[in-house]
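These notes concern the structure reproduced below.
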Amino acid sequence: MSSYENTCRYFSQAAELMGLTSNMRKLLQTPQREVKVQVGLEMDNGEIGTYIGYRVQHDTSRGPMKGGLRFHAEVDAEEVLSLATLMTWKTAIVNLPYGGAKGGIAVNVRDLSAGELERLTRKFVDEIHDMVGPDKDIPAPDMGTNAQIMAWIMNQYQKYHGFNPACVTGKPLELHGSEGREEATGRGVVIVIAAMLERLNLKFDQLTFALQGFGNVGSYTARFLTEHKAKILAVTDATGGVWNPAGLDIPQLLEYAAAHGGVKDFPASEPMSNEEFIAAPVDVLIPAALGGVLTAENARDVRAKYVVEAANGPVTAEADHIFEEREILVLPDVLVNAGGVTVSYFEWVQNRQHFRWDLPRVRNELERIMTDSFNRVWNIATEKKVPLRVAAYLLGIGRVGRATVLGGI
Ligand code: GLU
């Protein structure tokens, strides 16, 4: 099942419960605009590289569209469409005044020099600058992109449209970025876990965790879990996996991964394969990297009681069904990882007001929004006796649907 079929399956489950007509379903699901561009690039060695870039603008009923830009070898039209759709529900679930969008370029960034990456980014902006902007569609970082790339995007966009830092978020602090944006997704993940543990009358130090991914989301999640005295027994990334039944030393692992480009061969740990990771004897499994990693093939191997979707779309619809049968609680991506886009919203607000917030303010507002959104989702799930994902979709689709009808079709 493709990532888009997955997102549609989740949408349909909620739409069914809401009694949405098929016309309304079609209206809400169909993207407004899907753009595919060719980005020709002069490589350092004089050869010509050709890359395909995408921007999918899914829904605009609640405000300008918002969503990240992914630079990854596996980016394709369908994945971007699926991720754009997720952004529409995500921004609605945390009640930001945005619609959803997503973009990407099919490229392995490790194959490019810094100069090639900059030229690729700027040429992509040349292709799409007319369809994005602070009141239209605001890109942000995602897999394979970072604050530096956002700075190039802002700079290139401004060549066409003049000073306008709110045209992109996730920028460096020195260039109109926000305090707390880099840590935001990981921080949001841990805020949502804290809210869940409170409902379940559990404490972080009573549970063990395993984390897939040690990039921006995974590493900040690990850091904040450690602040709560949670024990992280396993971490895997693109280089390999490490396991320590007594708990990994996360501050040291962060240093090690920064110095060695990954977690592989970290001292005071055993190596761990991906299969072993999936079946790790821990309480909480946190996929924080790629989509589609928990599937019908491996969902029965999972021994954790909780799956926390820090990545976008890590659990396929079949696996989700198996987890429901096995009474494994899944905290869904559209809620769990919404901290990133929430602080992107704060950045956009600050840019538009030319006023800076300090870190405590960003953190407080993030905590308020994430906790409130979690509580709403939890209450819907309890009232309607549905899984948390369905509850989150009911909340998000309900908001988008009402805005669509109120605005007039
Ligand atoms: N790429 C992130 C996401 O998937 C952040 C998007 C944003 O900040 O606009 O939610």
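Annotation: Asn95 fulfils all but one of (1) surrounded by fewer than 20 Cβ atoms within 10 Å (Cβ to Cβ); (2) over 30 Å from Glu365 (Cα atoms); (3) under 22 Å from the mean Cα position of the chain (by Cα); (4) away from the ligand (no atom under 14 Å from the Cβ); the unmet one is (2).
Among the residues making up segment 190-214, a single one is within 15 Å of the ligand (Cβ to nearest atom) and closer than 23 Å to Ala246 by Cα: Gly213. Of Val343, Val330, all but one fail to be more than 16 Å from the ligand (Cβ to nearest atom) and under 17 Å from the mean Cα position of the chain (by Cα); the exception is Val330. So which residues in segment 55-92 are free of Cβ contacts under 8 Å to residues at least 60 places away in the same chain and within 14 Å of the ligand (Cβ to nearest atom)? Answer for segment 55-92, where residues must be free of Cβ contacts under 8 Å to residues at least 60 places away in the same chain and within 14 Å of the ligand (Cβ to nearest atom): Val56, His58, Gly63, Val75, Val80, Ala84. Out of curiosity, is Thr371 in a helix (DSSP H, G or I), of a type in the set (Ser, Thr, Tyr) and over 23 Å from the mean Cα position of the chain (by Cα)? No, not satisfied.
Kindly indicate whether Gly100 is modelled with pLDDT of 95 or more, touching a Leu at 6+ places or on another chain (Cβ under 8 Å), within 12 Å of the ligand (Cβ to nearest atom) and not in a helix (DSSP H, G or I). So Gly100 passes the test. Among the residues of this structure, Phe323 does not count as one that is within 16 Å of the ligand (Cβ to nearest atom), touching a residue at least 24 places away in the same chain (Cβ under 8 Å) and surrounded by fewer than 24 Cβ atoms within 10 Å (Cβ to Cβ). If you filter segment 135-153 down to residues that are outside any loop (DSSP other than H, G, I, E, B) and among the small types (Gly, Ala, Ser), you find that the one that is farthest from the ligand (Cβ to nearest atom) is Ala151. Applying the condition of being touching a strand residue (DSSP E or B) at 6+ places or on another chain (Cβ under 8 Å) and of a type in the set (Gly, Ala, Ser) to segment 247-268 and asking which residue is surrounded by the most Cβ atoms within 10 Å (Cβ to Cβ) yields Ala257. The number of residues in segment 269-320 that are closer than 25 Å to Gln206 by Cα and either among the aromatic types (Phe, Trp, Tyr) or free of Cβ contacts under 8 Å to residues at least 12 places away in the same chain (or both) comes to 2. Take the conditions (1) at pLDDT below 95; (2) in contact with a strand residue (DSSP E or B) (Cβ under 8 Å, 6 or more places away or on another chain); Arg110 misses just one of them, which is (2). Residues in segment 331-339: is at least one at negative phi, part of a helix (DSSP H, G or I) and free of Cβ contacts under 8 Å to residues at least 60 places away in the same chain? So far as segment 331-339 goes, no, none of its residues is at negative phi, part of a helix (DSSP H, G or I) and free of Cβ contacts under 8 Å to residues at least 60 places away in the same chain. Would it be correct to say that Leu173 is away from the ligand (no atom under 15 Å from the Cβ) and within 14 Å of Asn351 (Cα to Cα)? The answer is yes for Leu173. Restricting attention to segment 317-330 and to residues that are part of a helix (DSSP H, G or I) and touching a Lys or Arg at 6+ places or on another chain (Cβ under 8 Å), the residue that is farthest from Thr185 (Cα to Cα) turns out to be Ile322. Scanning segment 106-131 for residues that are within 20 Å of the chain's Cα centre (by Cα) and within 16 Å of the ligand (Cβ to nearest atom) returns a single hit, Val109. Among the residues of segment 296-310, is there at least one that is within 16 Å of the ligand (Cβ to nearest atom), of a type outside the set (Gly, Ala, Ser) and at negative phi? For segment 296-310, residues within 16 Å of the ligand (Cβ to nearest atom), of a type outside the set (Gly, Ala, Ser) and at negative phi: present. Highlighted here are the helices (runs of 4 or more DSSP H) found entirely within segment 205-280 that include at least 3 residues which are over 17 Å from Pro314 (Cβ atoms) and over 21 Å from the mean Cα position of the chain (by Cα): 250-260. Just a yes or no: is a residue in segment 155-165 within 13 Å of the ligand (Cβ to nearest atom) and either aliphatic (A, V, I, L, M) or assigned to a helix (DSSP H, G or I) (or both)? Scanning segment 155-165, I find no residue that is within 13 Å of the ligand (Cβ to nearest atom) and either aliphatic (A, V, I, L, M) or assigned to a helix (DSSP H, G or I) (or both), so the answer is no.
The values are calculated or read from the model by the stated rules, or taken from the named source; none is laboratory data. Note that the coordinates shown come from a computational prediction; the quantities given were computed from them, not determined experimentally. Ideal geometry is used to build each Cβ from the backbone, glycine not excepted, and the neighbour counts take in all protein chains shown.
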